[in-house]
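All remarks here apply to the structure that follows.
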Amino acid sequence: MDQSKEQRILNTVSYNAIKGNPESVLDCIDKYCSKSEWAMNVGDEKGLILDKIVEETNPSVVLELGTYCGYSAIRIARLLKPKARLLTIEFNPEFASIAKEIIEIAGVNDKVTILEGHSEDIIPQLKKKYEVEKLDFVFLDHWKERYAPDTILLEECGLLRKGSVLLADNIIYPGAPEFIKYIRNNKHFECTTFLSHLEYMKVEDAMEKAVYLGPE
Ligand SMILES: O=C(NCCCCCn1ccnc1)c1cc(-c2ccc(F)cc2)cc(O)c1O
Ligand SMILES: [Mg+2]
């Protein structure tokens with residue numbers, strides 16, 4: 001049967017990247033997806049904004065919604081301090097298995113746990129089953145209509161603390177209008193918009209940073 005685009009991305013990483021070198025895996029994916037086949041990785045331009053916000057936050061516990069091929073998981077994990085960890089939720093089993101292999105090639109697998117399933121099912125399990133107390137950083141990059149309900153769910157499950165940072169991809173393209181409406185009018189969040197471009201394209205896109213101010 002014909003290979004998937006994601007399998008072809010794994011092939012090019014496996015063949016061209018330097019094992020154990022996360023930067024070389026990121027470069028390899030960015031080159032392939034800008035030259036050969038577009039794919040929905042956060043990419044190198046928005047990736048630099050992600051890097052800066054992760055470095056400023058210096059998180060111990062990170063949750064990512066939407067693993068895809070593992071590009072942003074590698075991007076984040078490579079910046080984490082020794083004991084810090086990243087939990088990433090992926091719904092699509094093929095994406096999850098390809099991401100696992102790419103994350104291993106990058107050599108950041110000891111920091112990353114891929115959780116397969118629906119975010120609305122897994123988020124309520126984070127405290128008891130995955131021993132999470134609070135989330136320091138959340139990267140939202142899954143179904144855009146899930147950004148708002150999952151943000152509400154994170155708060156309801158007591159997973160956010162004063163200063164928890166949410167960063168949402170694609171708030172212009174494809175767009176996450178319900179999330180933007182919810183988060184910008186919410187006095188419990190301090191929002192900042194980072195203008196950029198859709199990965200590998202000249203199309204405008206942006207990321208929204210929302211810092212949780214606490215329940216009061
Ligand atoms: O849909 C996106 N991501 C979610 C994928 C499914 C997540 C499944 N899942 C994981 C966990 N829970 C649920 C996405 C799309 C685009 C895009 C841009 C232009 C275009 F013409 C087509 C598409 C660009 C992105 O940067 C994206 O992130
Ligand atoms: Mg995205």
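One table, with the values for the structure above:
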{"item": "In segment 35-72, residue farthest from ASP150 (Cα to Cα) [restricted to those that are of a type in the set (A, V, I, L, M) and within 12 Å of ligand 1 (Cβ to nearest atom)]", "result": "ALA39"}
{"item": "Output for segment 162-177, where each listed residue is assigned to a helix (DSSP H, G or I), within 21 Å of LEU213 (Cβ to Cβ) and away from ligand 2 (no atom under 14 Å from the Cβ)", "result": "none"}
{"item": "Unique match (being of a type outside the set (Gly, Ala, Ser), within 25 Å of ALA206 (Cα to Cα) and out of contact with any Gly (no Cβ under 6 Å at 6 or more places or on another chain)) among LYS144, LYS128", "result": "LYS144"}
{"item": "Unmet requirement for GLU190, which otherwise passes all of (1) away from ligand 2 (no atom under 16 Å from the Cβ); (2) touching a helix residue (DSSP H, G or I) at 6+ places or on another chain (Cβ under 9 Å)", "result": "(2)"}
{"item": "Any hit, segment 62-83, residues being buried (at least 24 other Cβ atoms within 10 Å of the Cβ), modelled with pLDDT of 95 or more, touching a Phe, Trp or Tyr at 6+ places or on another chain (Cβ under 6 Å) and not hydroxyl-bearing (Ser, Thr, Tyr)", "result": "yes"}
{"item": "Meets criteria (over 30 Å from ASN21 (Cα atoms), among the aliphatic types (A, V, I, L, M) and under 16 Å from the mean Cα position of the chain (by Cα)) for ILE180", "result": "no"}
{"item": "Filter pass, ILE53 being modelled with pLDDT of 95 or more, surrounded by fewer than 24 Cβ atoms within 10 Å (Cβ to Cβ) and in contact with a strand residue (DSSP E or B) (Cβ under 8 Å, 6 or more places away or on another chain)", "result": "yes"}
{"item": "Tally, over segment 126-144, of residues that are outside any loop (DSSP other than H, G, I, E, B) and more than 16 Å from ligand 1 (Cβ to nearest atom)", "result": "1"}
{"item": "Residue match in segment 124-131 (condition: under 17 Å from the mean Cα position of the chain (by Cα), on the phi > 0 side of the Ramachandran plot and surrounded by 14 or more Cβ atoms within 10 Å (Cβ to Cβ))", "result": "no"}
{"item": "Restricting segment 162-210 to residues that are closer than 19 Å to HIS142 by Cα and of a type in the set (Val, Ile, Thr), the residue that is surrounded by the fewest Cβ atoms within 10 Å (Cβ to Cβ)", "result": "THR193"}
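The values are calculated or read from the model by the stated rules, or taken from the named source; none is laboratory data. Quick caveat: nothing in here was measured; it's all calculated off a predicted structure. Glycine also receives a Cβ, built like all others from the backbone with ideal geometry; neighbour counts cover every protein chain displayed.
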